[in-house]
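The values are calculated or read from the model by the stated rules, or taken from the named source; none is laboratory data. Bear in mind the structure is a predicted one, so any value in this text is a computation, not a measurement. As a convention, Cβ positions derive from the backbone with ideal geometry for all residues, glycine included, and neighbour counts pool all protein chains shown. Keep in mind that these areas ignore ligands, DNA and RNA; they rest on the heavy atoms of the full protein, side chains included. Shrake-Rupley method; radii C 1.70, N 1.55, O 1.52, S 1.80 Å.
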Amino acid sequence: MKINLPLLALAIGAFGIGVTEFAPMGMLPVIADDLGVSIPAAGLLVSAYAFGVLVGAPIMTLTFASMPRRRLLILSMAIFTVGNLISAFADGYWTLLAGRIVTSFNHGAFFGVGAVVAANIVPPEKRAGAVAAMFSGLTIATIGGVPLAAWVGEAVGWRTAFFGIALIGAVAMLALRFSLPPLKTDGETDMRSELRVLARGPVLAALLLTVVSASAMFTVFTYIAPILRLETGAASAFVTAMLVIYGLGLAVGNWMGGRFADRWPDGTLIGSLVAVVVLLTLFAIGMDSKVASVPLVFLWGIASFALVPPLQMRVVHEAAEAPHLASAMNIGAFNLGNALGAALGGAVIDAGLGYPAVSLAGAATALAGLAFALILRRGRRPMETVPA
């Protein structure tokens with residue numbers, strides 16, 4: 001099979017972004033111990049990144065709308081590399097926090113623009129596969145890159161892990177520069193019209209549903225390493241293995257969500273939320289058992305990412321006149337959920353309620369998302385009846 005070098009370069013960038021977004025979850029206890037801060041305070045490093053994505057996605061998309069696509073992708077990976085170098089050389093908590101915020105500004109622009117570029121550099125009949133190939137880098141990051149970064153953080157130090165992630169950014173910049181053609185923009189974009197589309201009630205409701213659904217995931221996933229260490233009594237090797245298992249669950253869930261959402265988008269969304277509620281409730285009960293934790297974490301990973309395709313479909317469907325900006329804002333909404341979930345989990349821990357209560361908080365958030373999805377479904381035509 002012939003390797004498509006531009007798609008490979010985009011996948012390398014997606015891999016690096018996936019690792020830098022999720023790696024701190026696996027290194028949270030190490031970072032907290034080294035910097036002398038609490039686990040919830042270290043969890044704010046996750047929230048800061050997520051808020052940066054939320055702010056950076058529209059700023060980068062709108063500010064650099066006229067920049068050639070290749071140059072914008074290289075710029076986004078340059079921001080990524082600089083941010084991770086700041087994190088790698090951070091001598092304290094606040095410097096690390098600043099590095100995370102700088103890193104986050106590349107996220108929305110890279111995925112929003114990268115998906116369009118991937119679709120445009122292949123024949124029309126191969127566009128869906130091209131976008132999937134780019135996002136395969138993110139999937140590989142959750143399966144291998146994040147557990148590897150967690151292991152490096154434990155064995156060598158978290159600064160070394162961030163330095164390694166910065167190297168991935170440098171490789172991605174070179175790969176993009178030498179593999180992508182000098183892509184042009186599609187012409188002037190009416191940003192006011194696109195922003196007006198995003199202000200519609202149904203679009204905002206769809207984005208809010210993404211926020212709530214993502215919050216359910218990150219309320220628990222942000223603190224998965226301390227949960228496994230303290231509640232399950234796991235050693236670092238078991239924690240790393242569980243991150244791999246969770247990543248495999250995310251990959252399976254993304255595949256299943258995409259497959260079923262093509263036929264039953266509303267049904268896939270509602271069914272996945274029900275599964276998250278049930279699995280996080282069971283995890284609260286069984287997190288003290290290694291035997292129970294393994295299948296529960298794997299199935300929870302499947303349910304969590306099976307939500308992503310129908311959520312994306314809902315947002316793009318409601319904002320059909322501004323799909324690129326809507327797609328970037330949905331990435332921002334997902335990361336706002338990331339931030340709010342991390343904050344909610346940290347608040348539960350700070351209140352002394354214990355880690356099982358963190359899982360129950362995640363289940364309650366998913367239940368709220370389920371109720372919201374059912375309300376929205378009653379107030380509009382189901383997506384199944386709307387042509388793609």
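Looking at (i) 27.5, 90; (ii) 19.7, 57; (iii) 23.7, 98, which value of Rg and Dmax of the Cα atoms in Å comes from a calculation on the structure shown?
Correct label, based on the coordinates given: (ii).
Helix check for the chain. Which DSSP H runs span at least 27 Å along their own axis by Cα, with a mean Kyte-Doolittle hydropathy no less than 1.0?
In the chain, the long hydrophobic H runs are 5-35, 39-63, 69-88, 158-179, 201-221, 236-261, 265-286, 355-378.
Roughly speaking, what is the stretch gain from VAL294 to ILE59, that is 0.36 nm per residue apart minus the C-alpha to C-alpha distance, in nm to one decimal?
Between VAL294 and ILE59, full extension yields an extra 80.6 nm.
Would you work out what percent of the accessible area of the chain, with all protein chains in place, is carbon or sulfur (probe 1.4 Å)?
Heavy-atom surface of the chain belonging to carbon and sulfur, 1.4 Å probe: 69 percent.
Quick check: residue separation of ARG71 and LEU230 times 0.36 nm, minus the Cα distance between them. What number comes out in nm?
Full-extension gain reported as 52.6 nm.
Between ASN120 and ILE285, what is the label-point separation in nm under the 7 Å Cα-to-beta-carbon projection?
Result: 5.3 nm between the two label points.
Place a +1 charge on the Cβ of each Lys and Arg in the chain and a -1 charge on the Cβ of each Asp and Glu, then give the dipole magnitude about the Cα centre in debye, rounded to the nearest 20.
Taking the Cα centre of the chain as origin, the dipole is about 880 debye.
With a 1.4 Å probe and all protein chains kept in place, how much accessible area does GLU154 have, in Å² rounded to the nearest 10?
80 Å²
So what is the accessible area of the chain per residue, in Å², with the probe set to 1.4 Å? Provide the component values of the computation, followed by the final result.
Numbers: 15720 Å² over 388 residues.
The answer is 41 Å² per residue.
Which sequence of ARG69, ARG314, ARG377 reflects their accessible areas, 1.4 Å probe, from the largest down?
Order by accessible area, largest first: ARG377, ARG69, ARG314.
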